[in-house]
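Computed from the coordinates by the stated procedures, all read-outs in this text should not be read as laboratory data. A quick note: this is a predicted structure, and the numbers were derived from the prediction, not measured. Cβ: placed from backbone, ideal geometry, glycine included. Neighbour counts: every protein chain shown.
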Amino acid sequence: MEGSRRRTTAPRARPAATRPTREAGGTAAALPDAGSHGPPRGARSRRGELDGAPAETPRARAAPRRAPARPRDTQPPATDGARAAERPAVPEPQPPADPEAPAVARRPSSRRGGRSTARQPRAPRRSRRERDQLMDVLHALRLRRQETCVSANTVNTVVTRLLRGLGNRESEFEGVEQLNTGSYYEHVKISAPNEFDVMFKLEVPRIQLQEYYDSGAFYLVKFKRIPRGNPFGHFLEGEILSATKMLSKFRKIIKEEVKEIKDIDVTVEEEKPGSPAVTLLIRNPEEISVDIILALESKGSWPESTREGLPIQSWLGTKVRTNLRRDPFYLVPKNAKHGKGFQGQTWRLSFSHTEKYILNNHGTEKKCCESGGVKCCRKACLKLMKYLLERLKQEFQELDAFCSYHVKTAMLHMWTQNPQDSQWEFTNLSFCFDKFLMFFIECLRTEKLDHYFIPKFNLFSRELIDKKSKEFLLKKIEYERNNRFPIFDKF
C-alpha cells in the first residue's frame, strides 16, 4: 500500500481529469469495481488515506531523473505521458478479462459504485481501526489446534467404521471410497471444527448424461449398456437411474451401520427434502455435524455445459486447467426443483474436489501462503465474508436461501479477475475485503452469480432465490459496510 501513496515525478503530460486507478499491491489493475467507471460511491478514494495511514504532503517537483523508486511497483515510462494526453479523460481500463471468465456482475455504465440508492451516505474511509477490527475477527475465527484434533479424530473413526461396514456388505455400495471435501479440508472453516463434509464416491460403469431442461447442472443418468447382474438395476426407472431410490437405499444402510457403533454417541438426523446428504450428529461432547454424500464417479469427459467454466487460464494457468479437467467429475443425488417439489430422478454435477485443489493452491506464486512464502489475504477475505453471512443468517430468517457456497463462488470469480498475488497482499486486507463486498453487492443487485464451472447456471436466478431476499441481503451488507460492521462486535 505504501507504493500506492507515493507520487510519481514523471512529467505532467496526463490531463488533470485522468488519474491512475489506486490499486492493491501496486499492480496494473486493482480489484475491479464490478464493471463501474470510477470509484464506488461510499468507498472513498484511497488517494488521501489508506488503512488509516495519513496522506503524504505533496513534495516539490524533483529533477526528472531523480524519481524515487516505488517498492513492489514500477513507474510507467515517461513517454506514457504523451500518449495519455491524447486519451479521453476516463479512468484507466482494467486488464483484459479472461475470455472464458463468466460475466458475473455487470451494471449500467451510468451507475457508480455499490450503492443501491443515490442518496445513501458514503462509507467511511478504510481506517487502521477497521483493519484492526478485521484482524481481531480473524483471530477469533481461528480453529484451535487441540479442538480440531479431537473433532477430526472422532470423525475419522466414525467414517472409517462406516466404510468398513459398507465394504463387508454384499450391496451396491461395497466399492465406495472416501473423498474429503468442504470448508474444513479447504482450510477455510471458521469458528469451530463442528461441520465436516465427506463424499463416499462410487465408480459407475459407462454412463450417458441427458441434461435436464437446459439447466447445465442437473442431469438424468443412463447406462450406455446394462449388462446382466447390474447391481444398480433395481434403482432404474425405465432407463433412468433414480437419484431418490439410490439415496434412500444408501441412507438405510448408513443407519444400520451407525447402530453398530457403540462407543461413540452418533445418530442419523432426519432427511431434509432435496438434500443429497445423510447427516450424522456426533456428540463428543460438543455436537459435530457430518454430511455423508453419495457421489457417482465418472471418468469420462466433463459435460458440454462446463466447457467455458473453470476460467483459471490467466490465474493458475492453462496447463493446470487442462489437468484438472482430466480428473473425474462427480454426480450427487441433489434433485432439481420441479414446481413446488423436486424431480427425483435428477443428479447434480459436483466439483468439490476441484474447488479444494484451487483453494489449497490459490497463488500465482507456488509459495503463496506457504512457510517461507508471502502471505496473501484471499482466504482471509473469504472467511470474513462467510462469517458476515453466517451472523446475518442467525439474525434474519429472510436469508435462509443463502449459503456459504454463494460466497465461495463469488470469491472464485473475484480471484479470477484479480489473479496476481500482489493484488491480495495481506497488508491490504481491509481494502480487498471492501472491494469484495462491493462485488458481492453488485451480484445481488443484478441477480447474477454464475456457477464457476457451469457459466449458464445462475445461482442468483429468481427460480432459486426470490428478488426480495436478495434485496434484503444487499441492504444488510451495505448497512454493515457503511457502519464499520457492528455485527462483528457481537462475537
Query raised in the report: Can you give the relative contact order of the range 144-361 as a percent, counting alpha carbon pairs under 8 Å and 6+ residues apart?
Result: 22 percent
Query - Normalised per residue, the volume of the convex hull around the Cα set of the range 422-491 (Å³) - result: 127 Å³
Query raised in the report: At a Förster radius of 25 Å, what calculated FRET efficiency corresponds to the Cβ-Cβ distance of R484 and A152, to the nearest 0.05?
Result: 0.10
Query raised in the report: According to a simple spin-label model (label point 7 Å from Cα along Cα-to-Cβ), what is the distance in nm between E269 and K340?
Result: 2.5 nm
Query raised in the report: Tally Lys and Arg at +1 and Asp and Glu at -1 over the other residues with C-beta under 13 Å from the C-beta of R164: what net charge comes out?
Result: -2
Query raised in the report: Once the piece of chain linking T318 and E286 is laid out straight, how much longer is it, given 0.36 nm per residue of separation minus the C-alpha distance between them?
Result: 7.1 nm
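Considering only Cα-Cα distances, which of the following residue pairs are longer than 31 Å: K340/K470; K249/K476; K189/K435; K272/K448?
Distance filter (> 31 Å) returns K249/K476.
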Query raised in the report: Setting aside same-chain residues fewer than 8 positions from K224, which aspartates and glutamates have a Cα under 20 Å from its Cα?
Result: E172, E203, E211, E237, E239, E297, E304
Query raised in the report: Give or take rounding to whole Å, what are the principal axis extents of the alpha carbon atoms in the range 144-361, in descending order?
Result: 46, 46, 36
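Given a cut-off of 22 Å, name the pairs among K319/K367; K319/K456; K383/K490 whose C-alpha atoms lie farther apart than that in the structure shown.
Numbers: K319/K367 18 Å; K319/K456 24 Å; K383/K490 17 Å.
Checking Cα-Cα distances, K319/K456 exceed 22 Å.
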Report summary line: Summed over the other residues with a beta carbon less than 10 angstrom from that of W424, with K and R at +1 and D and E at -1, the charge totals +1
Query raised in the report: Can you pick out the pairs among K222/K467; K245/K337; K201/K393 whose Cα atoms lie more than 27 Å from each other?
Result: K222/K467; K201/K393
Report summary line: DSSP beta bridges in the range 144-361: the antiparallel percent, rounded to 5, is 80 percent
**Report entry** Reachable aspartates and glutamates from K375, criterion Cα separation under 12 angstrom, eight or more residues apart if same chain
**Finding:** E365, D421, E425
